[in-house]
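Laboratory data are not the source of any read-out in this text; all were calculated from the coordinates shown. Everything numeric in this text was worked out from a predicted model, so none of it was measured. When we count neighbours, we look across all protein chains shown, and the Cβ atoms used for this are built from the backbone with ideal geometry, even at glycine.
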Amino acid sequence: MNNLEHFNADEFNNTDSAQTSTTQMIGHFINGKVVSKTSKRQPVYNPATGEVSKFVEIADQQTVNEAIQAAERAFPAWRDTPVIKRARVMFKFKQLLEENAGKICELIGQEHGKISHDAQGELQRGIENVEYACGAPELLKGEYSKNVGPDIDSWSEFQPLGVVAGITPFNFPAMVALWMFPMALVCGNCFVLKPSEKAPSVVLFLAELLKQAGLPDGVFNVVNGDKDAVDALLHHAKIQAVSFVGSTPIAEYIYRTATSTGKRCQALGGAKNHAIIMPDADIDNVVTSLLGAAFGSSGERCMALSVAVAVGDEVADVVITKLKQEMQKLKFGYYADSNNDFGPLITQMHKDKVQAYIQSAEQQGAKIVVDGRDAKPVGYEHGFFVGPTLIDQISAEMTSYQQEIFGPVLQVMRVDTMQEAMQLINDHEYGNGTCIYTRDGEAARYFSNNIQVGMVGINVPLPVPVAYHSFGGWKRSLFGDLYAYGPDGVRFYTRRKTITQRWPSAQIREAKQFAMPTLN
Ligand code: NAD
């Protein structure tokens, strides 16, 4: 029996008898079991068709408390499990993720609408975080110094925090969760995850795979829900740390609330990522790479390149002409059709918002070069689609420039110098990712050295750090001191303890000493 056969979707998708017999109800995963707790529920859409495909339970405070209690009970034994055994669970989990990749990408496609090969890329990036977490025995070795004083040795160890929480967005239903819990778990913590209510099924399946991999019950729990569930986590005294990824206003709220109740917090927010196109850039390559970076995943990526800053009108005109030609060839539609380049937006409300941003740009004086507002793929006329959209003559005062659109919309700004382009980026409230296209090493070096952004690409449009580095933006794209995953993830999910030890001989009696001990 392969693992796909073992997985029974109905185990976590309980049938809701109040709805039609085929409508699934998605519950929670608490203490190693799928549970159904509350009567409050919310629809989950198939964004390609616009239809309600499932319902998800919305946890109340009691359900959140039960998940936290399960995690608390599991913590002492999990903390004391040898790190190599914790890592072995993660090794097995990685294997199961690979064996079940098809099912995971299917769930992503059904609820997010992301096309299959993009979902595979998301999953692969997530698996790389699992691979890094498998190195926990090395990562947690600590630091040791012999003879820091006469017969005194000192070492630092990295102990788990206890019960920690993660709150994730809809746009990477698997990957962002995998940024968080693999590292938290191998470090010896227990975890409560609150995924986005818009794409909730994937992490319940991941919970099932963790159980199959040998993770003890209670170590990993999932509560589905909305703001109430988040608030219950933020205010619970037993939650030691909160990782959040989502929009900036919510990130700021999470960070302020969590830290005001004494919790460690990292809260990653929204973005406005600019690409500077220098006159010496290879324009054909720029156009090809901009297409994927701006319209891939329908622009619903925090690292999407949404603003192209052309240095010189000549550059802008050529880029726009070529983009216009290439954009006509883009295909968007159902996730399972491998000919498609991207899928729908997540909800009708989000589609309305993206359309409103395009309209506001037009009203404020920008020029719509390619308009995707009325795009409707054949057979999916009721889906939440916006076609690829190109807008020229954007200026810094426009709402569509100041705010994150999070849709398949590329805006072009025209400047005269690289300094002017860099000033725009440095003045923007977000500082997640950026890229410069150039063949000039000196310009690229100056750019990477002086730009006020956390993740920088040089001829690389989506400079998402690999799993053994860490991910995070500057300014209002991240609240907290440590980045997500990689080496910062190890530090975030552990607490340093420094032990200084001596074993004095019974014959030696020490003199009283009131001065600060030194080696002088
Ligand atoms: P969101 O902020 O609406 O939701 C994120 C999470 O917060 C969800 O689990 C949601 O249930 C919860 N939430 C929503 N409203 C809340 C409230 N009022 N109080 C408490 N919790 C609340 O984000 P989203 O729409 O799911 O995701 C898109 C956003 O995430 C974009 O802004 C994108 O840039 C950002 N994002 C950032 C990164 C990054 O690494 N910086 C990565 C992915 C997505």
Checklist outcome for this item: Within the stretch 273-458, the percent of DSSP beta bridges that are antiparallel, given to the nearest 5, stands at 10 percent
Next on the checklist: I'd like the antiparallel share, as a percent to the nearest 5, of DSSP beta bridges with both residues in the chain.
Outcome noted: 45 percent
Next on the checklist: Relative contact order for the chain: what percent, with Cα pairs under 8 Å and sequence separation of 6 or more?
Outcome noted: 17 percent
Checklist entry - Full extension from Lys40 to Asn285: what is 0.36 nm times the residue separation minus their Cα-Cα distance, to one decimal in nm? => result 83.2 nm
Item to check | R0 of 35 Å, Cβ-Cβ distance Asn520-Asn449: FRET efficiency to nearest 0.05 | outcome: 0.25
Item to check | Near-label residues of the stretch 271-314 by backbone N, under 19 Å of a point 7 Å along Cα→Cβ of Ser338 | outcome: 297
Item to check | Derived scalar couplings ³J(HN,Hα) [the stretch 511-520; Karplus, 6.51 cos²θ - 1.76 cosθ + 1.60; whole Hz; x for Gly, Pro] | outcome: 6, 4, 9, 9, 7, 4, x, 9, 9, 5
Item to check | Charge-dipole axis of the chain as Lys and Arg at +1 and Asp and Glu at -1 on Cβ define it, positive-most pick from Met25, Ala77, Thr494 | outcome: Ala77
Checklist entry - If one takes the longest principal axis of the Cα atoms in the chain, at what angle in degrees, from 0 to 90 and to the nearest 10, does the Cα axis of helix 418-427 lie? => result 60 degrees
Checklist entry - Which order do Lys146, Lys238 fall in if you start with the one that has the fewest other Cβ atoms within 10 Å? => result Lys146, Lys238
Checklist entry - Given H placed on each backbone N at 1.01 Å, which residues far from Val35 in sequence or on other chains put an amide H within less than 5 Å of it? => result His28, Phe29, Ile30
Checklist entry - What order do you get for 426-434, 189-197 when each peptide is scored by the mean count of other beta carbon atoms within 10 Å, highest first? => result 189-197, 426-434
Checklist entry - Whole-Å semi-axes of the chain's equivalent ellipsoid, largest first, each the root of 5 times a Cα gyration tensor eigenvalue? => result 42, 32, 19
Next on the checklist: When the expected Rg is taken as 2.2 N^0.38 Å, what fraction or multiple of it is the alpha-carbon Rg of the stretch 310-461?
Outcome noted: 1.12
Item to check | Within the stretch 138-160, backbone nitrogen closer than 19 Å to the virtual label 7 Å beyond the Cα of Thr498 toward Cβ | outcome: 140-160
Next on the checklist: Output the 0 to 90 degree angle, nearest 10, between the alpha-carbon long axis of helix 348-363 and the longest principal axis computed from the alpha carbons of the chain.
Outcome noted: 50 degrees
Item to check | Förster-model FRET efficiency, 41 Å R0, Asp440 and Lys376, C-beta, rounded to 0.05 | outcome: 0.40
Checklist outcome for this item: Extension length gain for Gln403 and Lys367 (0.36 nm per residue less Cα distance), in nm, is 11.2 nm
Checklist outcome for this item: If every Lys and Arg gets +1 and every Asp and Glu gets -1 at its Cβ, then about the Cα centre the chain yields a dipole, in debye to the nearest 20, of 1900 debye
Next on the checklist: Which order do the peptides 71-82, 332-343 come out in when sorted by mean C-beta neighbours inside 10 angstrom, highest first?
Outcome noted: 332-343, 71-82
Checklist entry - Measuring from label point to label point, each 7 Å out along Cα→Cβ, what is the Gln513 to Asp226 span in nm? => result 6.2 nm
